[in-house]
Amino acid sequence: MTEISVSDSSQTELSPPRGHWRSIWARFRKRRLAFISLIIIAFIYLLGIFAPVLQTHDYREIDLYRTQLGPSAENWFGTDRAGRDLFTRVLWGIQTTVIITVTTFITGSLFLGVTIGLMAGYFRGWIDAIIMRVGEVVSAFPDILLIILLAATLRPRFVEFARDLEDSTGISGIVSSGVVDYLVIGFALLPLSWFGMMRLVRGQVLVLREAEYVEAARAMGTSTPRILFRHILPNVVSPIIVSVSFGIGAIALSEIVLSFFGLGVQPPRPSLGLMIGEVVSRTGAGSHNIIRDHPEQLLAPIIVVWLLIFCWNIVGDALNDVMNPRAR
Amino acid sequence: MLEYILRRLLWTPILLALAAFFVFMMGTCAPGDPAELTLGQFATPDLVAKQRIRLGLDDPFPIRYIRYIGGVVKGDFGDSYHFTGKTVLEVIGPKLWVSVQLNIAALLVATIVGLPLGFYAAKRQGTATDPLIVIVMLILFAVPVFFTAPFLILFFAVKLHWVDAAGWNGFFSIQTILPAMTLGIPGAAIFVRHMRASTLEVIGQEYVRTAQAKGMPNMVVNYRHIARNALLPILTIMGFTIAGMFGGSLIIELIYGIPGAGRASLDAVFQRDFPILTALVLLSAVMLVLANLIIDIAYTIVDPRIKLR
C-alpha cells in the first residue's frame, strides 16, 4: 500500500515539465490565427522540401516557344521570359529559403548565439566585454549593407576555394550545385543571426547565474558545462523559441533580398528573390516591359514571401504571449 | 547623466574606428588587384608594380589601416577604381545625400501615419477598431517592399500617369511621394505597434485616472498626460526604425530608379569598385551610430526620470 502511494507521488512530481509544454501548446492552439499561420508555414516548408517530387517540370528547362504564358493546365502558374515553369521554380525557390533559414539558424543563432550568450552571461568579465563590444561594432552597420559587403567580398574567395577543392579531390560540380551560394549567404547572414540571440541569452543568464539552484549546483561541484547546459539552458528555452520564430522571417527575407540584388543564389538555381528580381530588376533588356505587360508573374513568388513573413510574425507574437505571460 | 553622455561621446570614436577596421579588412579581402583595376586596360606587369608602390599596397596591413583611418578622419576615402580621377567622396557624396532625403521623407510618413494611429488604436481598446488596426498594420508590415513598389508604379505611373515611373527630382516633388510611402508604411506599422503598447501602459497609470477624475478636458488629458508620456519609449525605437529603413531604401532605390546610395553600392559591387562600397558601408554606420547617440542623449534630456549610470 505504501509503495503504491510513493509511486503515485513520484509520478505527480515528474509530470510538471511535460505539462508545461503541453499547456503552452494548448494555449497556443486556442489562438486561431496563430495556429492557422503555423499550418501555412508547415505547408509552405513541406512544398519546398518535397520540391523534387512535386515539380511538374525541370527548373532549368528552357522552352523559347512557350515564354510569358499565363496559367494553364500544363504550367500551373504560367511561364517566365525563358519559358521556364513558374510553379516548379517557386517550389525550388522555397527549398532554397528552407535550406538557408534552417542552416543559418542552426549554425548562427542556435550554435553561435546560444553558446556565446551562455558564456558571456556566465563568465562575465573580459570575455563578456569583448563579445559585447564586437557585437556592438557589428550592429553599428545597417544590416543589408553589411550583408552586401560580406557577400560581395566573400563570394570570390569561396568560389576559388571550391574550385581548388574540385581540382584536388576530383569531385566535380561543387560550384554548380549551389553549395557555395548557400555558404556565402550563410556567412553573410551570420552577423544578423547571432548577435540578437546572444544578447537575449546573455541577459537571461546574467539573472539566472545568481539563482539559488545554480548556486546549489555550483556548491555540489557540478562542472561548469553541465551547469550551463543542464541547469541554465533549459530555463532560457522559451525566450529562445520566441526569438527564433521572430528571427526566421527576417533571415528568410534577407536571403530573398540578397538574391534579388543578384548577390545571393546564382542562376540557374531558383530563389524567390531571384524570380522577383528577374521581373522587377535593374538589369536585362526590356525588364520594365515584363513588369508592365506581365505583372502576374510576380504574384506567385511574392505571395509566398509575404505569407511566410506574415505567418512567422503572427506565430512569434502568439508564442511571445503564450510563453512569456509576464512580459505583457 | 553628464558622465553617461561623456562616456558615450568617448566610446563613439573607438566604435567607429573598430567599424572602420572591419570594413577595411573586408575591403582588402575583396577580389581583384586595386593596381590592376585602376590601370584598366593599360596594365602591364611593370606598371602594375609601380602602381602598387604608388598606392602603397605593398605596405604591411596595420600601416595601410592607419593611413586609411587618417584619410577617413579628413574625409578622404581614397580614389574610385572605376571612375578614374574621382575621389570616392565626389562619387558617393551626392548619392548619399539623395538617400538621406528619401529616408527623412519616409520617416516623416511613418511618424505622421504611425503615431496617431497607434494612439487611436490604444484609445479604442476593447472595440473592433483596435484589432482591425493592429491586423491591417501587421499585414502591411509583412508586405515586402518589392511587392508594393512595382504595383504602386504600375498603378500611379503606368495607369494613371500621375508621376513618372522612375527618377528623383529632389525632396519637394511629387515623385518623392511614392518611394516615401513605400518605405514609410512598414515603418509606420512598427510605430503603431509600439505606440499602441506604450499608450496602453500610460493609460493605466494613476495620474491619468486622477486627471480624468478631477474633470480635466479630454483633450488635455489625451495630449498632456497620455500622448507626451507614451512618446518617450518611441524615441528608442526610432533608432532601430531608421536602421531598418535605410536597408529598405536600398531596394526601393533600385525599383524606382533613384540615384542613391543603394544603387551606388550595388554598382560598386558589380564594377569591383570596393573603395566606394567600403566608404558607403562605413559612412552609413557613422550616420547610424550618430543618430543613435543623439537619440540616447535626447532621451535623457526629455525624460527627467532617467538617471543613467
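Overview of results
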item	result
Order of exposure, largest accessible area first, which applies to A:64, A:146 with probe 1.4 Å	A:64, A:146
Overall form of the protein assembly as shown per C-alpha gyration tensor (a/c, 1.5; a/b vs b/c)	rounded
Cα-centred dipole magnitude for segment A:183-278, charges only on beta-carbon of K, R (+1) and D, E (-1), debye, nearest 20	260
Of the chymotrypsin sites (Phe, Trp or Tyr not before Pro) in segment A:63-157, those whose Cβ has at most 16 other Cβ within 10 Å and which sit in DSSP loop	A:65, A:76
Most positive-pole-ward Cα, A:75, B:39, A:211, against dipole of the protein assembly as shown from beta carbon charges	A:211
Local electrostatic count at residue A:227 - Lys and Arg +1, Asp and Glu -1, tallied over other residues with Cβ under 15 Å	+2
Unit charges on C-beta of K, R, D, E only; dipole of segment B:1-62, Debye	240
Cβ neighbours within 10 Å from other chains - mean over B:144-155	5
Among B:265, B:173, B:284, residue whose mean-square fluctuation peaks in a GNM of chain B (springs only between Cα atoms under 10 Å)	B:173
Structure-based [θ]222 nm, chain B - -39500 (n - 2.57) summed over DSSP H runs of at least 4, per residue, nearest 500	-24000 deg cm²/dmol
Per-residue ³J(HN,Hα) for segment B:175-181, Karplus 6.51 cos²θ - 1.76 cosθ + 1.60, θ = phi - 60°, Hz, x for Gly and Pro	5, 6, 4, 4, x, 5, 5
Shape category assigned to chain B from the gyration tensor of Cα positions, a/c cut at 1.5	oblate
Among B:240, B:220, B:271 the positive-end extreme of the charge dipole of segment B:179-309 (Cβ point charges)	B:220
Charged-residue dipole, Cβ positions (Lys, Arg, Asp, Glu), the protein assembly as shown about Cα centre, Debye nearest 20	1940
Choice from A:96, A:224, A:88 showing the highest fluctuation, given a GNM over chain A with Cα pairs closer than 10 Å	A:224
For residue B:81, solvent-accessible area (1.4 Å; no DNA, RNA or ligand), Å²	50
Cut-off 12 Å between beta-carbons: net charge of the residues surrounding residue B:138, Lys and Arg +1, Asp and Glu -1	+1
Rounded Å value of the spacing that divides the Cα centres of segment A:35-95 and segment A:138-215	29
Cα lying deepest toward the dipole's positive end in segment B:101-260, options B:161, B:229, B:187, charges on Cβ	B:229
Global geometry of segment B:90-177, whether rounded, prolate or oblate, following the gyration tensor of its Cα atoms and the 1.5 cut on a/c	prolate
Over chain A: helical MRE at 222 nm, DSSP H runs n ≥ 4 each giving -39500 (n - 2.57), nearest 500	-24000 deg cm²/dmol
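The values are calculated or read from the model by the stated rules, or taken from the named source; none is laboratory data. Only a predicted model underlies this, so the values are computations on that prediction, with no experimental measurement involved. When we count neighbours, we look across all protein chains shown, and the Cβ atoms used for this are built from the backbone with ideal geometry, even at glycine. With ligands, DNA and RNA removed, areas are computed over all heavy atoms of the protein, side chains included. Shrake-Rupley method; radii C 1.70, N 1.55, O 1.52, S 1.80 Å.
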